[in-house]
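Peer 1: Next up is a structure, given as structure tokens.
Values in this text are rule-based calculations from the coordinates and carry no lab data. This one's a predicted model, so the numbers in the text were calculated from it and none came from an experiment. Neighbour counts run over all protein chains shown; Cβ positions are idealised from the backbone, glycine included.
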Amino acid sequence: MDLHVQLAIIGRVALGAFLGYILGLDRALRGKDAGDRTFSLVALGSAAFVALGVELYPDSADRVIQGVTAGIGFLGAGIIFRASGGVKGLTTAAALWTAAAVGCLVGAGLYVAGAGIAGIILVVLELHAVGFLRRISTKRRGHRHEEPENEQPG
């Protein structure tokens, strides 16, 4: 394989790892077990497998992507667990699955799409931090939302 192609693959994988790291920062800052390193490695691995499939086996790259999707599904299932208050880890597992999709896009050479979708994922993850939206979400699930003592209801 040409050196230029190999260097391009390294660039794709590095971009995938970087975007995964950024996505994982959200989870790490929220104290979740799967954080920046886990997300970075998932996106890196996804990008590497897809780049390999696209470059060496272009006629069957779709099967490589299916394998990545299934593998990440198993990894995500390990993050989800049942707790006394319900199920925990669903958002982290879903975010990890979407980080794999970002890695797949970047691995296939769709850099702008991968970066753009990573941005959309961050927006979705951060929308919950907006107080008004968090109150709506909590009420919808039937939980009682308490205002912090120093904040006026509003």
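Peer 1: Quick one: order L19, L127 by neighbouring beta-carbon count within 10 Å, fewest to most. Don't skip to the end; give the middle numbers.
Peer 2: On the way: L19 28, L127 11.
Ranking L19, L127 by Cβ neighbours within 10 Å, fewest first, gives L127, L19.
Peer 1: Note the full-extension length gain between L7 and L29 as 0.36 nm times their separation in residues minus their Cα-Cα distance, in nm to one decimal.
Peer 2: 4.6 nm
Peer 1: Let me ask another. So how do R27, R12 line up by other beta-carbon neighbours within 10 Å, fewest first? Numbers along the way, then the final one.
Peer 2: Details: R27 22, R12 26.
Final ranking by Cβ density, sparse to dense: R27, R12.
Peer 1: Moving on to the next point. Quick one: grab the alpha carbon gyration tensor of segment 79-126, order the square roots of its eigenvalues as a ≥ b ≥ c, and give me rounded if a/c is under 1.5, else prolate or oblate depending on whether a/b is larger than b/c. It would help to have the intermediate numbers written out before the result.
Peer 2: Details: a/c = 7.39, a/b = 2.36, b/c = 3.13.
Oblate is the answer for segment 79-126, as a/c is 1.5 or above yet b/c matches or exceeds a/b.
Peer 1: Excluding L122 itself, what net charge comes from residues whose Cβ is under 14 Å from its Cβ, given Lys and Arg +1 and Asp and Glu -1?
Peer 2: Values: positive: R27, R30; negative: D26, D36, E126.
Neighbour charge sum, excluding L122 itself: -1.
Peer 1: Let me ask something additional. Among E126, E55, rank each residue by its count of other Cβ atoms within 10 Å, from fewest to most, as a rough exposure measure. List each step's numbers first, then the result.
Peer 2: Values: E126 11, E55 19.
Taking fewest neighbouring Cβ atoms as first place, the list is E126, E55.
Peer 1: So for segment 3-140, averaging the separation of alpha carbon pairs under 8 Å that are six or more residues apart and normalising by length, what relative contact order in percent results?
Peer 2: Numbers: 186 pairs, mean separation 38.3, N = 138.
Taking the mean separation of contacting Cα pairs over the length of segment 3-140, I get 28 percent.
Peer 1: Also, I was wondering about something else. Provide Rg and Dmax in Å for segment 3-140, with only Cα atoms included in the calculation.
Peer 2: For segment 3-140, the Cα-based Rg and Dmax read 15.9, 56 Å.
Peer 1: Sticking with this structure for a sec: So if I restrict to the alpha-carbon atoms in segment 36-79, what is the Rg, and what is Dmax, the biggest pairwise distance, in Å?
Peer 2: Rg then Dmax for segment 36-79, in Å: 11.2, 33.
Peer 1: Considering the alpha-carbon set of segment 1-68 alone, what are its Rg and its Dmax in angstrom?
Peer 2: My reading of the Cα-based Rg and Dmax gives 13.7, 43 Å.
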